[in-house]
Amino acid sequence: MKLLLLGGPKFVGRALIAASLARGHEVTTFNRGRTNPGAFPEVEELHGDRHGDLDALRGRSWDAVLDTSAYIPQVVRSAATLLADSVERYTLVSSISVYADYSRPTPEDAPLEALAEGHPDDELLPDYANYGPLKVMCEQAVEERFSGRSLIVRPGLIVGPNDPTDRFTYWPRRVELGRPLLAPAPADGPVQMVDVRDLAEWIVRMVEGGAGGAFNATSPDGMHTWESMLAACETTRVVWVDEAFLLERGLEPWRDLPLWIPAGDPEMAYFHRTDVSKAVAAGLTFRPLEETARAVPEWHGAAGISTEREAELLDEWAKVAA
């Protein structure tokens, strides 16, 4: 197949290129040329800007589009409009953040989040408060132009090689310090994630088969817990700290302890329990989490508490728990 990747070879895009080439496909990328240019010599690189300069795409045709850089609805709409008559199918990498209510199960037909009054539809807010609604609108933009010809993939947390964030990376790299590790109780609390390589290989197979519709794409509910995740990171020195203690001391879920969603928050009860049965039935598979943990990049400390703050909390918890 002739595939067009809208985005660069950074994380998901890089994995999609590798998976496509491994299966014998011809890949063209379209981006600004700032992210790892020349990373794949066998790939044709087209340069432009999705925010106004799509000229390099005109007069060309591909079998399918893989869109990994969809954040602003009008930007997606412009590309989809230009490519509607020259591309057979459009695959959009969206997010499980599109759902309106995480207090209940979120199958693909669950209600989607609407843009809040006063939130812009042409830029991401600094706190990402409009991220989910904008992804919903990006999905709608694709479906408007590629009705019956679109594949919408809604990943959860994507992890693995070349991950530019410190969300999952925080944990295996913190383990490497060889110190007691603070983790939020309960140990059997669920966590969900998907290795970028598993996601990319599955997306390419779905494109090959002409699949359409929306699919949640992360690990199955119950596959991983906090305890099993940290065991995959090869640590046994975990100190399980009560979430009430953490909240009382001002720790922010997800930011200060990446992946942490308090078990006692009923509004987020299903955030780490996304229904992925449809994707699993369609062939999504999962490598051992130990393999993913060994493949994460260096941790730059942009997320999570400092080692000093962790030590302070552990000392205080030891006194409380005694």
Worksheet item: Would it be correct to say that E298 is under 20 Å from the mean Cα position of the chain (by Cα) and open to solvent by 30 Å² or more (accessible area, probe 1.4 Å)?
Response: yes
Worksheet item: Looking at S103, S97, which is the one that is among the polar types (S, T, N, Q) and part of a helix (DSSP H, G or I)?
Response: S97
Practice prompt. Identify all residues within the range 40-62 that are modelled with pLDDT of 95 or more, surrounded by 12 or more Cβ atoms within 10 Å (Cβ to Cβ) and either in contact with a helix residue (DSSP H, G or I) (Cβ under 7 Å, 6 or more places away or on another chain) or of a type in the set (A, V, I, L, M) (or both); write none if there are none.
Written response: F40, V43, L46, H47, G48, L54, A56, L57
Discussion item. What pairs come out if I take residues in the range 282-299 that are in a helix (DSSP H, G or I) and pair them with residues that are open to solvent by 80 Å² or more (accessible area, probe 1.4 Å) whose C-beta lies under 6 Å away, six or more apart or interchain?
Written reply: none
Worksheet entry | Single condition V12 does not satisfy, out of (1) closer than 22 Å to L284 by Cα; (2) free of Cβ contacts under 8 Å to residues at least 40 places away in the same chain; (3) open to solvent by less than 50 Å² (accessible area, probe 1.4 Å) | (2)
Worksheet, complete the sentence: Screening E243, E201 for residues that are at pLDDT 95 or above, open to solvent by 50 Å² or more (accessible area, probe 1.4 Å) and charged (D, E, K, R) leaves only E201
Practice prompt. Would you check which residues across the range 164-188 are more than 30 Å from I17 (Cβ to Cβ) and either in contact with a Cys (Cβ under 8 Å, 6 or more places away or on another chain) or open to solvent by less than 10 Å² (accessible area, probe 1.4 Å) (or both) and list them?
Written response: R174, V175, L181, L182, A183, P184
Worksheet item: Do we find that D221 is without any contact (Cβ under 8 Å) to a residue 60 or more places away in the chain, more than 18 Å from L181 (Cβ to Cβ) and buried (at least 16 other Cβ atoms within 10 Å of the Cβ) in this structure?
Response: yes
Worksheet item: Does the range 264-295 hold any residues that are open to solvent by less than 50 Å² (accessible area, probe 1.4 Å) and of a type in the set (A, V, I, L, M, F, W, C), and which are they?
Response: A269, F271, V276, A279, A282, L284, L289, A293, A295
Discussion item. Based on this model, can you work out whether T81 counts as open to solvent by 30 Å² or more (accessible area, probe 1.4 Å) and over 24 Å from E143 (Cα atoms)?
Written reply: no
Practice prompt. Return yes when A141 is surrounded by fewer than 20 Cβ atoms within 10 Å (Cβ to Cβ), closer than 27 Å to E201 by Cβ and of a type in the set (A, V, I, L, M, F, W, C) and no when it is not.
Written response: no
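The values are calculated or read from the model by the stated rules, or taken from the named source; none is laboratory data. Because the structure is predicted, anything quoted here is derived from the model rather than measured. Note that each Cβ is placed from the backbone with ideal geometry, even for glycine, and that neighbours are counted across all protein chains shown. The accessibility values were calculated without ligands, DNA or RNA, using every heavy atom of the protein model including side chains. Shrake-Rupley method; radii C 1.70, N 1.55, O 1.52, S 1.80 Å.
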